[in-house]
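S.K.: Once you've had a glance at the structure underneath, I'll fire off some questions.
Every read-out reported here was derived from the displayed coordinates using simple, explicitly stated rules and does not represent laboratory data. In this text the structure is predicted, and so the values were computed from the model without any measurement. Because the Cβ atoms are built from the backbone with ideal geometry, glycine has one as well, and the counts that use them run over all protein chains shown.
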Amino acid sequence: MRFSISTAFLPVDQLAPIAVAADQLGYHALAVPDHVVDIEELATPYPYTPDGKRRWDFSAPWPDPWVLIGHLAAVTSRLEFFTSVYVSPLRSPYSVAKAVGTAAVLSNNRVALGIGVGWCREEFELLEQEFRTRGKRTDEGLALIKALWQPGWTEFEGDFYTAPRLVMEPTPSVDIPIYVGGLSEVAYARAARHQGWMGDIYTIAEATGYAARLAEIRAEIGATGDFKVITALSDAFLPEHFVAAEEGGVTDVWTMPWAYYHGLDASIEQKIDGMERFHADVIAPLGS
């Protein structure tokens with residue numbers, strides 16, 4: 001079991017101290033969320049709450065993930081980073097490939113690209129990207145992005161994107177993992193074709209159920225190799241809880257460990273104290 005720190009809605013000036021502490025304590029990674037803007041009035045419901053309302057208020061910061069990861073990689077040595085999730089069809093795949101590939105090179109390959117197709121129609125319209133085709137554009141865009149990450153000349157011909165013979169440098173020296181978020185069968189299938197799936201906040205029973213479904217799909221398509229199931233767990237507190245999740249197929253947990261000890265509205269000192277205590281209480285006993 002690997003443990004990562006969620007940075008959702010944290011004050012920007014706390015992110016570097018948290019990254020440094022996570023690096024020193026042995027946490028696996030930092031998870032960085034993404035939105036470009038927060039539009040006040042939405043007709044699109046938020047899909048991860050019962051009432052469709054967003055979990056955050058308008059003061060929540062959304063720093064650009066790849067600018068942030070570049071900065072945090074410079075003040076850490078072993079900590080990895082992934083996006084949770086990056087709404088890739090809001091952007092040109094050329095811009096995504098350039099930002100992620102550059103971050104991989106500068107961090108010595110400590111990044112993974114976690115993607116989602118997005119839920120907010122109004123944000124797509126504001127950024128002049130078609131909402132209706134976002135799933136198909138995500139699949140084609142990922143194929144183009146992976147081609148652009150390879151050294152040498154690239155050509156690409158698709159329904160949405162075309163690349164004349166070109167090069168994009170710098171290129172990462174190893175393949176960048178791609179994780180996919182979403183709860184639909186289409187999202188599961190998309191994840192199964194890549195290196196992992198990312199969930200939201202679920203019980204152990206829910207998370208292991210999703211892991212089982214993903215394993216079925218991977219078996220059906222003959223997928224092999226390492227595959228990550230990454231989620232937050234609402235009912236895991238003790239080492240044995242995380243063992244049960246791991247036995248059910250969950251490989252990675254993201255968390256805000258200070259919430260167990262000081263609540264979510266903790267000071268930076270309390271956050272780091274919570275990270276230390278969670279490491280001693282859970283991570284060390286598990287040998288993670």
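S.K.: Label A143 and E220 with points 7 Å out from Cα along Cα→Cβ: what is the distance between them in nm?
M.R.: Here the answer is 2.1 nm between the modelled labels.
S.K.: At 222 nm, what value in deg cm²/dmol follows for the chain if DSSP H runs of at least 4 each add -39500 (n - 2.57) and the sum is divided by all its residues, to the nearest 500?
M.R.: So the calculated ellipticity at 222 nm is -11500 deg cm²/dmol.
S.K.: For the stretch 2-286, give the share of DSSP beta bridges that are antiparallel, in percent and rounded to the nearest 5; count only bridges with both residues there.
M.R.: The answer is about 10 percent antiparallel.
S.K.: Pick from P17, P45, P33: which residue has the top mean-square fluctuation in a GNM of the chain where Cα pairs under 10 Å get a spring?
M.R.: Looking only at P17, P45, P33, the biggest GNM fluctuation is shown by P45.
S.K.: Please give me the summed charge of the neighbours of G199: other residues whose Cβ is under 12 Å from its Cβ, Lys and Arg +1, Asp and Glu -1.
M.R.: -1
S.K.: For the pairs K98/K136; K146/K228; K98/K271, flag any whose C-alpha to C-alpha distance is greater than 28 Å.
M.R.: K98/K271
S.K.: So for the stretch 2-286, averaging the separation of alpha carbon pairs under 8 Å that are six or more residues apart and normalising by length, what relative contact order in percent results? Let's see the in-between values first.
M.R.: Working: 479 pairs, mean separation 48.0, N = 285.
This gives 17 percent for the stretch 2-286.
S.K.: Could you give the length gained on full extension between V243 and E269, defined as 0.36 nm per residue of separation minus the Cα-Cα distance, in nm?
M.R.: Gain on extension, V243 to E269, equals 6.5 nm.
S.K.: Classify the chain from the C-alpha gyration tensor, please: rounded if a/c falls under 1.5, else prolate or oblate depending on whether a/b exceeds b/c. Don't skip to the answer; put the middle values down first.
M.R.: On the way: a/c = 1.38, a/b = 1.37, b/c = 1.01.
Since a/c stays below 1.5, the shape of the chain is classed as rounded.
S.K.: For the stretch 62-154, what does the alpha-carbon gyration tensor say about shape, rounded, prolate or oblate, given a ≥ b ≥ c as the root eigenvalues, a/c under 1.5 as rounded, and a/b over b/c as prolate?
M.R.: Note, shape of the stretch 62-154 comes out oblate.
S.K.: Moving on to the next point. Whole Å is fine, so just give me how far the alpha carbon centre of the stretch 212-226 lies from that of the stretch 262-288.
M.R.: One Cα centre to the other: 34 Å.
S.K.: Just tell me the longest site-free run in the chain, where the sites are chymotrypsin sites (Phe, Trp or Tyr not before Pro) in a DSSP loop having at most 13 other beta-carbon atoms within 10 Å.
M.R.: 59-152
S.K.: Now for a separate question. What does the charge add up to near T76, with Lys and Arg as +1, Asp and Glu as -1, over the other residues with Cβ less than 14 Å from its Cβ? Present the calculation step by step, with values, prior to reporting the outcome.
M.R.: Working: positive: R78, R110; negative: D23, E80.
My count for the surroundings of T76 gives 0.
S.K.: Q24 versus D51, label points 7 Å from Cα toward the beta carbon: distance in nm?
M.R.: Label-label distance for Q24 and D51, simple model: 4.1 nm.
S.K.: Under a point-charge model restricted to the Cβ atoms of Lys and Arg (+1) and Asp and Glu (-1), what is the dipole moment magnitude of the stretch 2-286 relative to its Cα centre, in debye to the nearest 20? Could the numbers behind the result be given before it?
M.R.: On the way: 22 positive and 38 negative charges, 129 e Å.
Around 620 debye, computed over the stretch 2-286.
S.K.: Rounded if a/c is under 1.5, else prolate if a/b is larger than b/c, else oblate: which is the stretch 134-225, with a ≥ b ≥ c the root eigenvalues of its Cα gyration tensor?
M.R.: Values: a/c = 2.55, a/b = 2.12, b/c = 1.20.
In terms of gyration-tensor shape, prolate.
S.K.: Now for a different question. Along the positive direction of the dipole of the stretch 11-61 (beta-carbon charges: Lys, Arg +1; Asp, Glu -1; about the Cα centre), which of H28, W56, P45 reaches farthest?
M.R.: Working it through, the farthest residue towards the positive pole turns out to be H28.
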